[in-house]
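Just below is one structure, and these are the notes that go with it.
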Amino acid sequence: MKKFNIRKVLDGLTASSSGTASPQPGTNQNDVIQETLQSEHFQLCKTVRHGFPYQPSSMAFDPVQKILAIGTQSGAVRLFGRAGVECYCQHDSGAAVIQLQFLVNEGALVSALADDSVHLWNLRQKQPAILHTLKFNRERITFCHLPFQSKWLYIGTEKGNIHIVNVESFTLSGYVIMWNKAIELSSKSHPGPVVHISDNPMDEGKILIGFECGTVVLWDLKCKKADYRYNHDEAIHSVAWHHEGKQFTCSHSDGTLTTWNVRVPAKPTITITPHGKQPKDGKKPEPCKPILKVEYKTTRAGDAFVVMSGGLSYDTGCRRSCLTVMHGKSTAVLEMDYPIVDFLTLCETPYPNDFQEPYAVVVLLEKDLVVIDLEQIGYPIFENPYPLSIHESPVTCVEYFADCPPELIPALYSVGSRQKRQGYSKKEWPISGGNWGQGTLSYPEIIVTGHADGSIKFWDASAIMLQVLYKLKTAKVFEKAPKGSKEEKPSTEIVDEDPFAIQTLSWCPASRMLCVAGVSAHVIIYRFSKQEMTTEVVQLLEVRMQGELNDVDSPDPAGDHPPTPSTPVPPSSSSPTQEGEPPEAQPFTSDDRPRDNGPGLKVWSAPLKQSPGYQVELVIQLVWVSGEPPQQITSLAVSSSDGLVVFGNSSGLAVVDYLQKSLLLNMSTSELYSPSDPYQRQPRSPRKTRQPSGDKDIPPVTSCMSRLSIFYTSMKKTYHSSNSPLSDNSDGNNISEEKSSKSPTSAKMSKKISSPTEQKTGLDAKDSSFSRSRSSSVTSIERESREAISSFHFSESFPRKTDSSPSPSLWLGTTQGTVLVLSLSLPPTGDQRLQQPVGVSSCGTLVRLKGGILTMAFLDSLGAVLPPSYEPWSEPNAPDEEKTRRRRPASPPPTQEGQDSQYAVVCSEKQAKVVGLPSQSCFFKHNITESSFVLRADVVQMAAGLCLACFCANGHIMTLSLPSLRPLLDVNYLPLTDMRIARTFCFSNLGQAMYLTSPTEIQRITYSQETCDNLQEMMGELFTPLETPEAPNRGFFKGLFGGGAQSLDREDLFGETAAGKASRSLAQHIPGPQGMEGMKGAASGVVGDLARARIALDERGQKLGELEDRTAAMMASADSFSKHAHDMMLKYKDKKWYQL
């Protein structure tokens, strides 16, 4: 265990930009900090992927194991079992998965890809792996079929040929069905690609081949010839057998279904157009949309089920995709929210030659998975237990909290359980295969996602599972805009489209305080309550933030402002409301006056009923200035112990007391610098003319980090519009608060325009000709850019060098790499806290780094992290006598003179520094990257100590020890190819991290060695040893007269002895990483080995049982024969020959 002496300050680590002096030597034992984290504590690996498979393309179901597989257009395969059993696999090529086929109850899966490769996956291990690959070189794969309990896979191609593959060895058979032999010789045209292959349910020796042109061929495998050919004018999309093997149904491109008798190829027995209008004159019905798929499933007790997708009339008003279920004389058309990709009918038996007895339909949509109950009236859907609703509205921000208070998840679940929808099927979820993992690492984890519709979802992410706990709709606080009003707003497209979208959020799990910032420049503060309440008037605070002189028609230059003294700003300067008089929303209209001093959204004016859960405490809105919308909020923080909320954007920052519903501070970033600060900048504006915030010609923002605050949108144009408000950067001017004259009942804060008749007050603002560009970002383009607030941190610390004891303070990080400090003076708790003002004073600059500030944290003298102080949660709606008094956590003991008792850890886009407090001396500095920049950084608590985790734009994930900033881990994990990853990447405690890998999926990773070692135990198992159901009984007469299913020895037909070898140039065999036996032995866990051993024992026991039965029958027969022979011998023993 290595020790680092804080007294030994390395030369050269205190750069000139930090402006810190060397710490004074001390002899206290607190100067020595023992670091326990080492490189061996870290390892990076993926854990689990949650959410709906992005861009699904195919689906398969194992009816015995009850496992569902979904393939995607990016080559991914997602496997689902019971709730909590999920698995993610990826093909290296990334080609689209066009078809999936289970080896039913064998623990294997065949996948066919768009690059004409076929893969065999082993599912008998916790992390499936590819055993074999077959790459076709000369033909394109269009359809695959694997008969139940068969090891021979039929592969149809674009040329119309059918090849046969042995799935055990993954080698091609010499048996090939050529298209020219399958169709009639008199046909002069090519039949097109193979779109369907299936074997006759009652005769395995006959397979049905469907060609795209409309021709269907019944092929005799033994005789190697076509028995029947069925021709139709319309193209075929799918074919479905009737279980008795005498009829089959085809779906066509004109919306018709044709049913054919196997022995009558001349014309279809029945032709129907399910959704076509039947003319009275007997003519053909009008054509409809193509029926893309049809399935025909029989029942013992009643009519068969015909399930199909598509086929609606062209003049039907419904534009949604529909699934049609025909049962007897009833036809049900089920509308879907998204286009249908595929569907499967789940049946009681896996045998195709038995009554199917369908009980559910799994419908794979482009953005959802729906399971329909066929056994209940009205066909209700099952309640989906998987976390597939992450993308219900596009995700705009994500936060990850590991090791939360244990009572938090039950509290969120209790209020969230009341939000569940009604009308679901009462039956259990039918996809119920697999087993849960047996991991021992379990601690409360919560993921919070903000969405474009203004909703916030809380997810239980404990034990590598994901389950929604609670959903909060922030849009309920606002009134809906009337139709037609959008065209009057000169706002950006993204705000018009999603005005309630969540930009950023700050959540304190201990106090349960939630603060949310939206794209319409609004901030909402929530308290958690288990009781329902009705708010008569929603508390509102309107804020006017104006940071550029050129945005306002003012003749006075910026330099005409005299310097103002540094004094705390009392809340009276912002015109707070009188006690008991809640603020109200200002009504505004766009047709009779400009939208100046008006907010972008109108707060709900009627009494608001609030359900148990998060309830509105205060709404803060930034108002329009000079006909332009306010800048979007880039940073946000809430302190429950101080009762304060702070938010900032490119115009400046504002501090709000949410207990008194008053504004404490409203100022530009340049005003925070003290008069003697060498980095204080003269206010200036690079813009010459007023431009709307959505103008695309505005230069990009200087800080790399600032671009990442833009919320999610998939359209490039909309994303650019959302970036524009942050791109318009220039220094703010000296502006202060004034009393509102618009409405005496509305608490407003405004940035005052330069005018000789207006009184000026401010914080540490000074007119100075000294100006220095502090842009140190790697992509700095606009040298004279406005400095925006990038991060906040509330702390009990030492805001000044002269402080002897810690006090409440607010630490600010800017996009130019400066850390500034505000000292907070709080009244005593109780009634005085609600009546006396909170003092705020600027303490100047602490330190400066290269690049924008990303995160800040504080350590005590022993190197342990100092969490922000908080107010323990109590029921806010409880009676007054039951409410607990607000108590601030006890402050740390005062420091001795000349010694540092705290250390501030500051990380920017380029480097990290550790600064001693109160001396403000820089002890350690580490340049994280030179050629790239850090996207996300967090100080995280590991099981063995504390570290700084960083994610860079070049894909590297790094961890640094604290406080010495020693590199512990540096892995090139994920090159930044998508801004979505940069926006959503989150670190959390105990070595957990996550990001949005697609618009619909969350990828969780770990950088903890302990978690990696226990990952196999934590993961669920897909394969469970199960007995295959018994085959249907053929019956006495069918067995006697040759009826029933006819078996086929495919080995005799397709084996190398009978069919010969296939052409080597046709396909290339690529073995898996270790071959089948090696893969089974190495990658399988102990449970998998036991499962296989159990299966082998079961099979051996079954065979031994059968042998024993046969032996017993033979012995009984022999005994009977011996007995009869002995009786006959006794009967004729003493008789003469003539007496016989």
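The values are calculated or read from the model by the stated rules, or taken from the named source; none is laboratory data. Since this is a predicted model, take the numbers as computed values, not measurements. Neighbour counts run over all protein chains shown; Cβ positions are idealised from the backbone, glycine included. Note: accessible area is taken over every heavy atom of the protein model, side chains too, but ligands, DNA and RNA are not part of it. Shrake-Rupley method; radii C 1.70, N 1.55, O 1.52, S 1.80 Å.
General observations
- Matching residues, segment 815-844, being of a type in the set (S, T, N, Q) and buried (at least 23 other Cβ atoms within 10 Å of the Cβ): Thr815, Gln816, Thr818, Ser842
- Matching residues, segment 221-235, being in contact with a Phe, Trp or Tyr (Cβ under 7 Å, 6 or more places away or on another chain) and over 21 Å from Arg1050 (Cα atoms): Tyr230
- Within segment 76-83, one or more residues are surrounded by fewer than 21 Cβ atoms within 10 Å (Cβ to Cβ) and under 25 Å from Met994 (Cβ atoms).
- Just so you know, in segment 34-63 the residues that are surrounded by fewer than 18 Cβ atoms within 10 Å (Cβ to Cβ) and over 25 Å from the mean Cα position of the chain (by Cα) include one that is farthest from Leu974 (Cα to Cα), and it is Gln34.
- Which numbered condition Gly378 misses (of (1) without any contact (Cβ under 8 Å) to a residue 24 or more places away in the chain; (2) under 27 Å from the mean Cα position of the chain (by Cα)): (2)
- When segment 1010-1032 is filtered for residues that are in contact with a Gly (Cβ under 7 Å, 6 or more places away or on another chain) and assigned to a loop (DSSP other than H, G, I, E, B), the ones remaining, listed by number, are Met1019, Gly1020, Leu1022, Phe1023, Thr1024.
- Residue count for segment 972-1009, restricted to those that are touching a Gly at 6+ places or on another chain (Cβ under 6 Å), β-branched (Val, Ile, Thr) and surrounded by fewer than 21 Cβ atoms within 10 Å (Cβ to Cβ): 0
- For segment 458-468, taking the residues that are assigned to a helix (DSSP H, G or I) and in contact with a strand residue (DSSP E or B) (Cβ under 7 Å, 6 or more places away or on another chain), the one that is surrounded by the fewest Cβ atoms within 10 Å (Cβ to Cβ) is identified as Ser462.
- Looking only at segment 488-519, residues that are modelled with pLDDT of 90 or more and more than 18 Å from Gln539 (Cβ to Cβ) come to 15 in all.
- Subset of segment 915-945 that is touching a Ser or Thr at 6+ places or on another chain (Cβ under 8 Å), open to solvent by less than 40 Å² (accessible area, probe 1.4 Å) and among the aliphatic types (A, V, I, L, M) - its residue that is farthest from Trp811 (Cα to Cα): Ala944
- Scope segment 414-457; condition small (Gly, Ala, Ser), part of a loop (DSSP other than H, G, I, E, B) and touching a residue at least 60 places away in the same chain (Cβ under 8 Å); matching residues: Ser432, Gly433, Gly434, Gly437, Gly439, Ala452, Gly454
- Number of the exception - Thr929 against (1) assigned to a loop (DSSP other than H, G, I, E, B); (2) in contact (Cβ under 8 Å) with a residue 40 or more places away in the chain; (3) of a type in the set (S, T, N, Q): (2)
- Matching residues in segment 455-468 - criterion: being touching a Lys or Arg at 6+ places or on another chain (Cβ under 8 Å) and modelled with pLDDT under 95: Ala461, Ile464, Val468
- In segment 848-861 there is at least one residue that is buried (at least 20 other Cβ atoms within 10 Å of the Cβ) and β-branched (Val, Ile, Thr).
- Close pairs from segment 496-512: first under 21 Å from Pro599 (Cβ atoms), partner open to solvent by 20 Å² or more (accessible area, probe 1.4 Å) and at pLDDT below 90, Cβ under 6 Å, at least 6 apart: Asp496/Lys486
- Boolean, Gly71 is within 20 Å of Pro1071 (Cβ to Cβ), within 26 Å of the chain's Cα centre (by Cα), open to solvent by less than 20 Å² (accessible area, probe 1.4 Å) and of a type in the set (Gly, Ala, Ser): no
- For segment 171-223, taking the residues that are in contact with a strand residue (DSSP E or B) (Cβ under 8 Å, 6 or more places away or on another chain) and of a type in the set (Lys, Arg), the one that is surrounded by the most Cβ atoms within 10 Å (Cβ to Cβ) is identified as Lys206.
- Output for segment 90-99, where each listed residue is among the hydrophobic types (A, V, I, L, M, F, W, C) and either crowded, with 23+ Cβ neighbours inside 10 Å or modelled with pLDDT under 95 (or both): Val97
- Inclusion of Glu383 among residues that are assigned to a strand (DSSP E or B) and surrounded by fewer than 20 Cβ atoms within 10 Å (Cβ to Cβ) is not warranted.
- Filtered residues of segment 242-272 (kept if open to solvent by less than 30 Å² (accessible area, probe 1.4 Å), in contact with a Leu (Cβ under 8 Å, 6 or more places away or on another chain) and closer than 18 Å to Thr324 by Cα): Thr249, Cys250, Ser251, Gly255
- Filter pass, Gln149 being in a loop (DSSP other than H, G, I, E, B) and within 23 Å of Ser74 (Cβ to Cβ): no
- Pairs, first within 18 Å of Ala857 (Cβ to Cβ) in segment 980-993, second open to solvent by less than 10 Å² (accessible area, probe 1.4 Å) and basic (Lys, Arg), C-beta under 8 Å, six or more apart: Gln992/Arg1004; Ala993/Arg1004
- Criterion: of a type outside the set (Gly, Ala, Ser) and modelled with pLDDT of 75 or more - qualifying residue of Thr1057, Thr1011: Thr1011
- Put simply, of Ile141, Ile70, Ile130 the only residue that is in contact (Cβ under 8 Å) with a residue 24 or more places away in the chain, β-branched (Val, Ile, Thr) and over 23 Å from Gly1020 (Cα atoms) is Ile141.
- Scanning segment 67-99 for residues that are of a type in the set (Ser, Thr, Tyr) and in a strand (DSSP E or B) turns up Thr72, Tyr88.
- In segment 984-1004, the condition of being in contact with an Asp or Glu (Cβ under 6 Å, 6 or more places away or on another chain) and part of a loop (DSSP other than H, G, I, E, B) is met by no residue.
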